[in-house]
Amino acid sequence: MLPVEYKSFQPEFFDQVIELGNRVHGDNYLDLPVVKELYKKSFQNELNASIVALNKDRLIGFRLTIAPRHWAPDKWCTPSKWAISQNKVSYFKCNTVDSNYQGQGIGPQMLQRSVEQSIKQGAQAGLAHIWLASPNNSAYRYFKKCGGELIKEHPNKWRALSLENQYDCPVCGRLCNCTAAEMILRF
């Protein structure tokens with residue numbers, strides 16, 4: 001098993017997170033203003049819920065998590081089906097592991113650490129929009145295996161990102177038509 005060190009997400013990792021995120025999720029998925037904002041929203045009670053995974057000081061994965069009360073449900077969310085107050089729900093923005101390191105338990109370890117921090121922040125659950133077009137639908141299978149429950153599917157979830165930020169989906173290309181699975185993980 002390769003040595004992996006898990007740390008709290010810090011500004012020193014911004015560039016590496018953007019590079020890995022865009023390599024895995026498609027060009028223009030993340031940029032500096034978005035990452036800076038996600039970093040700020042990761043904190044509550046002086047605790048950071050976002051985690052990075054390193055191998056010999058090289059970033060090989062990250063989980064970006066927004067603290068409860070630092071995000072607002074949008075049209076892609078169905079709070080009436082969560083059975084938990086929305087101010088007690090963290091938001092799992094993305095979980096990303098370098099393809100060379102996938103299948104080694106890094107994703108679940110980052111999730112576990114993020115959940116631990118989220119609980120300390122006052123969360124009782126975490127919400128995610130899972131990419132149903134991931135290779136072999138691995139994102140959905142992973143999150144379900146970790147306890148995630150399907151709330152609703154949302155077609156064209158990332159289309160606005162394509163239109164407004166020139167997001168280049170690795171499956172659809174310039175105009176993303178991918179469906180997101182709104183899933184909740186209760187703590």
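The values are calculated or read from the model by the stated rules, or taken from the named source; none is laboratory data. As the structure is a computational prediction, the values presented were derived from the model and not from experiment. When we count neighbours, we look across all protein chains shown, and the Cβ atoms used for this are built from the backbone with ideal geometry, even at glycine. Quick note on the areas: whole protein, heavy atoms, side chains included, nothing else; ligands and nucleic acids left out. Shrake-Rupley method; radii C 1.70, N 1.55, O 1.52, S 1.80 Å.
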By accessible area (1.4 Å), largest first, Lys144, Lys56, Lys88 order as Lys56, Lys144, Lys88
Does the stretch 73-176 come out rounded, prolate or oblate by the C-alpha gyration tensor, with a ≥ b ≥ c the root eigenvalues, rounded set by a/c under 1.5 and, if not, prolate when a/b is larger than b/c and oblate if not? oblate
Near the amide H of Ile130, under 5 Å away, which other amide H atoms are found, from residues 5 or more places off or on another chain, if H is placed in the peptide plane? Ala181, Glu182, Met183
The alpha-carbon center of the stretch 36-77 and that of the stretch 115-161 are separated, in whole Å, by 14
Other residues with Cβ under 12 Å from the Cβ of Leu30 give, with Lys and Arg +1 and Asp and Glu -1, a net charge of -2
Over the chain, with a Gaussian network built from C-alpha contacts below 10 Å, which listed residue (Thr78, Thr65, Thr96) shows the highest mean-square fluctuation? Thr78
Under 5 Å from the placed amide H of Cys94, counting only residues 5+ away or on other chains, we find Leu64
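If you roll a 1.4 angstrom probe over the protein chains with everything in place, what fraction of the accessible area of the chain belongs to carbon and sulfur, to the nearest %? Don't jump to the answer; show the numbers that get you there.
Working: 4500 of 9170 Å².
Roughly 49 percent, rounded to a whole number.
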Just grab the label-to-label distance for Arg141 and Lys36, each label 7 Å out from Cα along the Cβ direction, in nm (one decimal). 4.0
Put +1 on the Cβ of each Lys and Arg and -1 on the Cβ of each Asp and Glu in the chain; which of Cys176, Val34, His154 then has its Cα farthest toward the positive end of the dipole? His154
Under the Karplus relation 6.51 cos²θ - 1.76 cosθ + 1.60, θ = phi - 60°, what is the ordered set of whole-Hz ³J(HN,Hα) values for the stretch 15-22, x standing for Gly and Pro? 4, 5, 5, 4, 4, 5, x, 6
In sequence order, what are the phi-derived ³J(HN,Hα) couplings for the stretch 128-137 according to the Karplus relation 6.51 cos²θ - 1.76 cosθ + 1.60 with θ = phi - 60°, rounded to whole Hz, with x for glycine and proline? 9, 10, 8, 6, 6, 9, 4, x, 6, 6
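Given a 1.4 Å probe, how much area per residue of the stretch 51-132 is accessible, in Å²?
So the stretch 51-132 comes to 42 Å² accessible per residue, rounded to a whole number.
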Given [x] -0.53, -1.31; [y] -0.68, -1.23; [z] -0.57, -1.19 as possible values of log10 I(q)/I(0) by the Debye sum over Cα atoms at q = 0.12, 0.18 Å⁻¹, the one from the coordinates is [x]
Which of Lys7/Lys88; Lys56/Lys88; Lys88/Lys152 have a Cα-Cα distance over 31 Å? Lys56/Lys88
The chain, Gaussian network, Cα under 10 Å: of Ile84, Ile106, Ile51, the residue fluctuating most is Ile84
Table column - 3J(HN,Hα) (Hz), the stretch 164-173, Karplus curve with 6.51, -1.76, 1.60, x for Gly and Pro: 8, 10, 6, 4, 10, 5, x, 9, 8, x
Separation between the Ser80 and Ser8 pseudo-spin-labels, each 7 Å from Cα along Cα→Cβ, expressed in nm? 3.9
To the nearest 10 Å², what's Trp71's accessible area with a 1.4 Å probe? 40
